[in-house]
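K.L.:
Pasting a structure below so you can have a look.
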Amino acid sequence: MVDTVTRTSRTVIAGTLYRGHEGMWSWVLHRITGIAIYFFLLVHVLDTATLRISPEVYNGVLGAYKTPIMGIGEAGLVGAIVFHALNGLRIILVDATKWGTRYQRQMFYVVLGLWTLLMIGFLPRHLINVFTGGAE
Amino acid sequence: MRRLKLERLGWIFMRVSGFFLIALIFTHLIVNVMQDGGVHAIDFAFVAGKLANPLWQWFDVTLLWLALIHGTNGMRVVIEDYVYRINLKRFLLGGLAVSTAVLIVLGTLVIFTLDPCPTDAAANLLPSFCTAG
């Protein structure tokens, strides 16, 4: 029974252009990274607003970001932002150019390549700051 | 018809704001997180020192508005994609609208009304120009 279902759905999936391919995964990642960035933005406006209370309170709140666990979270956040930015450019090119749709798959791999390069540039510097306490 | 026009405006807004947000957020990250010490170097003195400059005030307020409206419109699309129960959908969309309005007003006020040198604070927590004069 399970076998039949699997085989049937695999046939159906293989018959579509979109599902399970680069176009779908870029869409899924764009949505997940977007939602994650949105919720960080809510928190980030609130933590910045504590500037208005007093220097002591703001520095105390920011202290919560200066832990190894939050540092790893920040690495994830930057990774999400960089992907959303690069894939957003890909979406703009798909929408605004004549050739964009034809090369959307190649552009997805360019996005992944540039993402890897930028993260290689960012991560060592960031992680050294996180795990050595920065300049403090 | 009106609805379609609004959706089209939202679609254009996502492309245009997204394009500018890339420049704004990458600058924001380079200045704040890629500086010496990274996140550890961020404190009241650093942020208040930046916000004493009108250029950074306008930079940050542009970033605040564009990011919140871009993010809110994105979340609206997500809610409309997945939530079919009309009451739950209204509740979520209403909450989204209210929280965005509150954060835009709050963030804008903080940026433009922050006193970088509050008189009752310890001098070593303040930007260096507070004690220079």
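The values are calculated or read from the model by the stated rules, or taken from the named source; none is laboratory data. A quick note: this is a predicted structure, and the numbers were derived from the prediction, not measured. Methodologically, a virtual Cβ is constructed for each residue, glycine included, from the backbone with ideal geometry; neighbour enumeration extends over all protein chains shown.
K.L.:
Taking the conditions exactly as written (farther than 22 Å from B:Thr62 by Cβ and in contact (Cβ under 8 Å) with a residue 40 or more places away in the chain), does A:Asn59 satisfy them or not? Full working, then the answer.
P.N.:
Numbers: farther than 22 Å from B:Thr62 by Cβ: yes; in contact (Cβ under 8 Å) with a residue 40 or more places away in the chain: no.
For A:Asn59, the condition - farther than 22 Å from B:Thr62 by Cβ and in contact (Cβ under 8 Å) with a residue 40 or more places away in the chain - is not met.
K.L.:
Another question about this same structure. Going residue by residue through the range B:52-62, is there one that turns out to be within 28 Å of A:Leu77 (Cα to Cα), more than 10 Å from chain A (Cβ to nearest Cβ) and in contact (Cβ under 8 Å) with a residue 60 or more places away in the chain?
P.N.:
yes
K.L.:
List the helices (runs of 4 or more DSSP H) that sit entirely inside the range B:50-133 and contain at least 1 residues that are basic (Lys, Arg). Give the steps one after another, and end with the answer.
P.N.:
Numbers: elements: B:54-82, B:86-113, B:129-132.
Of the helices (runs of 4 or more DSSP H) lying wholly inside the range B:50-133, those with at least 1 residues that are basic (Lys, Arg) span B:54-82, B:86-113.
K.L.:
Being touching a residue at least 24 places away in the same chain (Cβ under 8 Å) and of a type outside the set (A, V, I, L, M, F, W, C) is the filter; apply it to the range B:26-51 and report the residue that is farthest from A:Phe39 (Cα to Cα).
P.N.:
B:Gly49
K.L.:
Are there any pairs, at least 6 apart or on different chains, whose C-beta atoms fall under 7 Å, with the first in the range B:92-121 and surrounded by fewer than 18 Cβ atoms within 10 Å (Cβ to Cβ) and the second in a loop (DSSP other than H, G, I, E, B) and of a type in the set (Ser, Thr, Tyr), and if so, which?
P.N.:
Going by the 7 Å Cβ cut-off, the qualifying pairs are B:Pro118/A:Ser54; B:Ala121/A:Ser54.
K.L.:
What number of residues within the range A:94-131 are within 14 Å of chain B (Cβ to nearest Cβ), more than 18 Å from B:Leu29 (Cβ to Cβ) and of a type in the set (Gly, Ala, Ser)?
P.N.:
Counting residues in the range A:94-131 that are within 14 Å of chain B (Cβ to nearest Cβ), more than 18 Å from B:Leu29 (Cβ to Cβ) and of a type in the set (Gly, Ala, Ser) gives 2.
K.L.:
One residue is enough: does the range B:89-111 have a residue meeting the conditions modelled with pLDDT of 95 or more and either basic (Lys, Arg) or touching a Pro at 6+ places or on another chain (Cβ under 7 Å) (or both)?
P.N.:
Step one: filter the range B:89-111 for residues modelled with pLDDT of 95 or more, giving B:89-111.
Remaining after also requiring either basic (Lys, Arg) or touching a Pro at 6+ places or on another chain (Cβ under 7 Å) (or both): B:89-90.
Yes - at least one qualifying residue is present in the range B:89-111.
K.L.:
Collect the residues in the range B:30-43 that are within 7 Å of chain A (Cβ to nearest Cβ) and not in a loop (DSSP other than H, G, I, E, B), keeping them in residue-number order.
P.N.:
Answer for the range B:30-43, where residues must be within 7 Å of chain A (Cβ to nearest Cβ) and not in a loop (DSSP other than H, G, I, E, B): B:Gly38, B:Val39, B:His40, B:Ala41.
K.L.:
Mind telling me which of the residues B:Phe13, B:Phe26, B:Phe19, B:Phe46 ends up being hydrophobic (A, V, I, L, M, F, W, C), at the interface with chain A (Cβ under 7 Å from one of its Cβ atoms) and either under 25 Å from B:Thr113 (Cα atoms) or part of a helix (DSSP H, G or I) (or both)? Give the derivation first.
P.N.:
Working: B:Phe13 fails: at the interface with chain A (Cβ under 7 Å from one of its Cβ atoms); B:Phe26 fails: at the interface with chain A (Cβ under 7 Å from one of its Cβ atoms); B:Phe46 fails: at the interface with chain A (Cβ under 7 Å from one of its Cβ atoms).
Only one candidate passes the filter, namely B:Phe19.
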